[in-house]
Amino acid sequence: MYIKLINPKSHGLAAYDNNGSSLQTLNYLVHEAKREKEDLGIFFNQDSDGLKPERVQQDIDSNVKGLTANASKFYSLIISPSADELTHIKNDEQLLKAYTRQVMELYAQNFNLKGGERLASKDLVWAATIHQDRNYRGTDKEVLAGEAKVGDKRP
């Protein structure tokens, strides 16, 4: 399992810019998902499936309590199971969603409020989507080595 917290300063300045609206990040995620599905209710959170990008943007962008003008408004996480892990769960989308919900619960518990109270996933504003396929980009080492072409699906 590969889990990564995206640093927008070094990982896709445009797609993951987190200082303003979440629109640019959501547009990127929707664009990637459109290759796989026509339905745009591709997002889910701790208690709902089938969320539309507009709802996710509203939820994230209106969650500004206590943030300064220059503060990061959101963070992007990548949760990427290995091919073996996907085979083990038979690539079951519901199991991937359940796993993501568990990861977000554990993630939330790492934050403490004043008085020592711990956060839970329900205290965070978050949404996720599942991308089944990834494609090679021009900067990937396989493309640069001539072993793959831009746009080819990754294994």
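The set of residues from the stretch 116-142 being of a type outside the set (S, T, N, Q), in a strand (DSSP E or B) and open to solvent by less than 70 Å² (accessible area, probe 1.4 Å) comprises just one member, Ala128.
Filtering the stretch 143-155 to residues that are open to solvent by 40 Å² or more (accessible area, probe 1.4 Å) and in a loop (DSSP other than H, G, I, E, B) leaves Ala145, Gly146, Glu147, Lys149, Val150, Gly151, Asp152, Arg154, Pro155. Take Ile78 and tell me if it is of a type in the set (A, V, I, L, M, F, W, C) and assigned to a strand (DSSP E or B). Yes: the conditions hold for Ile78.
The values are calculated or read from the model by the stated rules, or taken from the named source; none is laboratory data. Owing to the predicted nature of the structure, the values given are computational and were not obtained by experimental measurement. When the accessible area is computed, the model is the full protein with side chains, heavy atoms only, and any ligands, DNA or RNA have been set aside. Shrake-Rupley method; radii C 1.70, N 1.55, O 1.52, S 1.80 Å.
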